1. Just to confirm a number: summing +1 for Lys and Arg and -1 for Asp and Glu over residues other than Asn15 whose beta-carbon lies under 15 angstrom from that of Asn15, what do you get?
2. Size of the range 34-124 along its principal axes in angstrom, Cα-based, largest extent first?
3. Ratio of Rg to Rh for the range 454-605, alpha carbon only, Kirkwood?
4. With every protein chain kept in place and ligands, DNA and RNA left out, what is the accessible area per residue of the chain? Probe 1.4 Å, answer in Å².
5. Taking the alpha carbon gyration tensor of the range 309-403, what are the square roots of 5 times its eigenvalues, largest first, to the nearest whole Å?
6. Give the dimensionless ratio obtained when the Cα radius of gyration of the range 235-347 is divided by 2.2 N^0.38 Å.
7. Going by average Cβ neighbours within 10 Å, how do the peptides 363-373, 295-305 rank, with the highest at the top?
8. Can you check what the Kirkwood hydrodynamic radius comes to for the range 297-344, Cα pairs only, in Å to one decimal?
Amino acid sequence: MKNNNTNYLENLNENQRKSVINSEGPCLIIAGAGSGKTRVLTTRVVHIIKQKKAWPNQILCVTFTNKAAREMQNRVSKLLYKQTTAIPWLGTFHSISAKILRKHAAAVNLNSNFTIIDRDDQLRLIKNICKVENIDVKKISPQFIIAKIDKWKNKGLYPNKVISRKGDILEKGILNVYKIYQEKILALNACDFGDLILHCVYIFENKKDILNIYSNNFKYILVDEYQDTNFIQSKWLNLLANKYKNICCVGDDDQSIYSWRGAEIKNFLNFDYIYKGAKKIKLEQNYRSTQNILSTASTLISKNQDRLGKDLWTEGENGELVKLNCYKNGKDEAINISDIIEKKLKEKFTYNNIAILVRAIFQTREFEERFLKIGIGYRIIGGTKFYERAEIKDAVAYLRIVYQKKDDLAFERIINTPKRSIGETTIKQISEYSRKNKICLEDASLKMIELEKIKPKAKIGLLQILNLIAKWRKNLISKKYVELMQIILDESGYSAMLKNKKDIESEGRLENLKELLRGMREFSNLENFLEHVSLATSIDQDWEGEKINLMTMHASKGLEFDVVFLPGWEEGLFPHQKSLEEKGDQALEEERRLAYVGITRAKKEAYISFSMNRFYQGDWMDSIASRFIDELPKENIEQNSINQDRIDDFEFNQDINFENEVRSPGWLRLQKKLNEKK
């Protein structure tokens, strides 16, 4: 066996090694795309353990996805020469907050077996509140209300802390819904994703004895993708790191692309203001892409003002120049890109290593139609996730109500699925009785049956499901929960409902339920499984089979491919006009960061393209090249000769002032050329 005292530091470059061994005090690691940040994080954990600076359970590692957490767990285990490693505090902000909250639920008036509701549950709850409060959901959408509530929670605001703008009737109405919503989920013994962190911060700020338990325990805190943190996450970290100050945050300010989710790049840019005396270490050596790809991305992102600055480089080859193409329209773009894949790339790369990254999801339609026509397999990354499929949500809802009778949202979902002659009127009556008497829907149903307030036909169906739920709760004690799930699917009539339909869609749903049963075996108990379902992230996907990857640039973050196509680089689409109108220069910089993310997904070849026309929202729109194309370095770009007649007047101009939407001379000449071609 190798000497395991310091061999974990082998194969690290100089700055990676500095990032690992400088473990004391606050540290910001500015990690460029493909610079080995995960290696640095995991090696830093191993270094702390090997040097006996802390026990494993005194280290807190925070990630943004379950996938990243699993990757870290596996790498740490490998470096420690173990199959598993005792680092219980490794997970996402939400999963770690859920773990803390379950131990101290009483501090926020919850029971430890609280339910974590998802977006679909939130939506149904908000719709119910709107109905009771006579709010027209056609004028104020429930989705908008949820987004506003999420925004308040990301800012650390409970309803009583929100100060609505004077005279803003809309905001005042939404705040009222927020108050009722928060009261309702508390009564349900539930919380949403935002509550997990919000409640923890409340506990830390108001229960110093509880805060001391964790701040004393966590001697070292490591955070991945720090540029994506929002206000409440940053506060959560600050409270936990306050004693030892040994917090190491890794990220890339040039990849901060989630402001629409509440991410605040200022957390990253102001790190040394938040944590005095912080060390800053830059990781600029790239292990993913060729130099031409890196130079293209670095030159483009250098136009941004709000950044700490770095230049990516590689010891590898210069590689192919980045290809720039101009097409007649979106359909022509899809046809030509598919031709490049079939005629040029098919022999060199597998489909799994080719990706098409778009700014807006509508752009995928033409590629999908083209691939279907010529028989190329493709997958949409970021499409409907497994646990969001209707049949999976139904099955999980059955488990939720068996696990916790106060889960009214689960009860509502399964009460008449399959059909049991329990109509909307009956459900509404039960809901009203539940609200008036402040009891859960299940208890309200039993009480109304006892008082003979349910119509005979509905009463039969309601008694049937209530008796089954009671029986399944007893089964939960004596049977394994996976076995219980199969019993529920059979006895509820759900499996029979799908089998009796005898169509392809129902067959697919039955297969999904079989896959659910297989997947459930990976969890030791029902509580762990239900928490996993609640915290499942959108990055978990099915990667089986040879398929071209289609996704938005936002969805591509964290992924890498041999070849990347970046279509639709046109003004109004990219940068996106709506974003520019809403946030101005801040949005322009974020759009440019998105371009940087897109380009740096490519390992060997990158193709950028734009169209003269694009069919959008039922109409053809003339278009001109994105201002970002003017910012690309000429020496790293190859204009495709096939399209030379379309772009021979194209100019690279890197000193243009783009304020007030001034068009560069290159754009104006290109527009004139395109008009002549028409």
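1. Details: positive: Arg17, Lys18, Lys37, Arg39, Arg44, Lys279, Lys280, Lys282, Lys310; negative: Glu14, Asp252, Glu284, Asp311, Glu315.
Cβ neighbours under 15 Å give a net charge of +4.
2. In descending order, the Cα extents are 46, 30, 21 Å.
3. Values: Rg = 24.0 Å, Rh = 20.6 Å.
For the range 454-605, the value is 1.17.
4. Working: 31240 Å² over 678 residues.
Ligands and nucleic acids excluded, the figure is 46 Å² per residue.
5. On the way: eigenvalues 259, 92, 40 Å².
The three semi-axes for the range 309-403 are 36, 21, 14 Å.
6. Normalised Cα radius of gyration, the range 235-347: 1.51.
7. Numbers: 363-373: 17.1, 295-305: 20.5.
Packing proxy ranking, top to bottom: 295-305, 363-373.
8. Numbers: mean 1/r = 0.0703 Å⁻¹.
Hydrodynamic radius (Kirkwood, Cα pairs) of the range 297-344 is 14.2 Å.
The values are calculated or read from the model by the stated rules, or taken from the named source; none is laboratory data. Given the structure is predicted, the values throughout are model-derived calculations rather than measurements. Glycine also receives a Cβ, built like all others from the backbone with ideal geometry; neighbour counts cover every protein chain displayed. Accessible surface areas use protein heavy atoms only, side chains included; no ligands, DNA or RNA. Shrake-Rupley method; radii C 1.70, N 1.55, O 1.52, S 1.80 Å.
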